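The values are calculated or read from the model by the stated rules, or taken from the named source; none is laboratory data. All values reported here derive from a predicted model rather than from experimental measurement. Cβ atoms come from the backbone with ideal geometry, glycine included; neighbour counts cover every protein chain shown.
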Amino acid sequence: MNVTNPYAFLPLKSDRVELTALESSDMPYLRSFFQDMASLYYYIPTTARPINLLQLEKLLADWNDGLESFVFAVRHDGRLIGLVNVDGLDWANSHAEIGIALTSEDARGQGLAMEALQLLMQYAYCELGLHRLWARIIEDNKPSVKLFERLGFTSEGALKEHIYRHGHYRDMLIFGHLRKDSSSCQE
């Protein structure tokens, strides 16, 4: 952390991505992602179904209550490419779940998700002061497993046959990360 300016990491920006407030003007760009069942297969840990614009606005308002949950737009060159979220903040125990969805297919496979999650982790540890972050990943989502492992998350187990997709039950993998294992907030 920059001692002369402890907020030097704000705004949430790296060389290629920026985490900003989600705007109502972003909704049309997100709508196609939330209509695509193939994308929702791994992203929604509940019943996957196409979501219309009104449902999307309500869902994102719930996910972005500003108290226990925050959603940020992920932007690359000023263009919306996805979402990251901090969810279920447990202030007493100092932990929260984090997640990501690159909603723009052409943004995938370029390391942008990693940069966005690094910014989110820095925010969670340095600004929110959290001790632990965790993530849920549906077992078949190998790119997400690899991404979180590269970020230093370790497997903490699985909720067996927790998600039902295409006639089969899938395990929900749980990954965790501790602030002490991060280079964020080091003075």
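Points worth noting:
- Boolean, Tyr123 is out of contact with any Phe, Trp or Tyr (no Cβ under 9 Å at 6 or more places or on another chain) and among the hydroxyl-bearing types (Ser, Thr, Tyr): no
- Residues that are over 16 Å from Leu40 (Cα atoms) and among the acidic types (Asp, Glu), drawn from the range 69-106: Asp77, Asp87, Asp90, Glu97, Asp106
- Residues satisfying the stated conditions in the range 33-63, i.e. hydroxyl-bearing (Ser, Thr, Tyr) and in contact with a helix residue (DSSP H, G or I) (Cβ under 9 Å, 6 or more places away or on another chain): Ser39, Tyr42, Tyr43
- Tally, over the range 19-58, of residues that are modelled with pLDDT of 85 or more and either assigned to a loop (DSSP other than H, G, I, E, B) or touching a Pro at 6+ places or on another chain (Cβ under 7 Å) (or both): 2
- Test: Ser182 is surrounded by 15 or more Cβ atoms within 10 Å (Cβ to Cβ), of a type in the set (S, T, N, Q) and touching a strand residue (DSSP E or B) at 6+ places or on another chain (Cβ under 6 Å): no
- The residues in the range 51-68 that are under 15 Å from Ala101 (Cβ atoms) and either in contact (Cβ under 8 Å) with a residue 24 or more places away in the chain or surrounded by fewer than 17 Cβ atoms within 10 Å (Cβ to Cβ) (or both) can be counted, and the count is 5.
- Counted residues, the range 135-158 - those being farther than 13 Å from Arg170 by Cα and either at pLDDT 95 or above or among the polar types (S, T, N, Q) (or both): 15
- Looking across the range 15-44, just one residue is farther than 19 Å from Asp106 by Cβ and in contact with an Asp or Glu (Cβ under 7 Å, 6 or more places away or on another chain), and that is Met27.
- Count of residues meeting criterion [more than 16 Å from Ala101 (Cα to Cα), within 14 Å of the chain's Cα centre (by Cα) and assigned to a strand (DSSP E or B)] in the range 133-173: 1
- Within the range 93-136, being over 25 Å from Asp26 (Cα atoms), of a type in the set (A, V, I, L, M, F, W, C) and in contact with a Ser or Thr (Cβ under 7 Å, 6 or more places away or on another chain) holds for Cys126, Leu130.
- Extreme residue, nearest to Ala116 (Cα to Cα), among residues of the range 140-151 that are surrounded by fewer than 16 Cβ atoms within 10 Å (Cβ to Cβ) and without any contact (Cβ under 8 Å) to a residue 60 or more places away in the chain: Arg150
- With respect to being in a helix (DSSP H, G or I) and among the small types (Gly, Ala, Ser), Ala113 fits the description.
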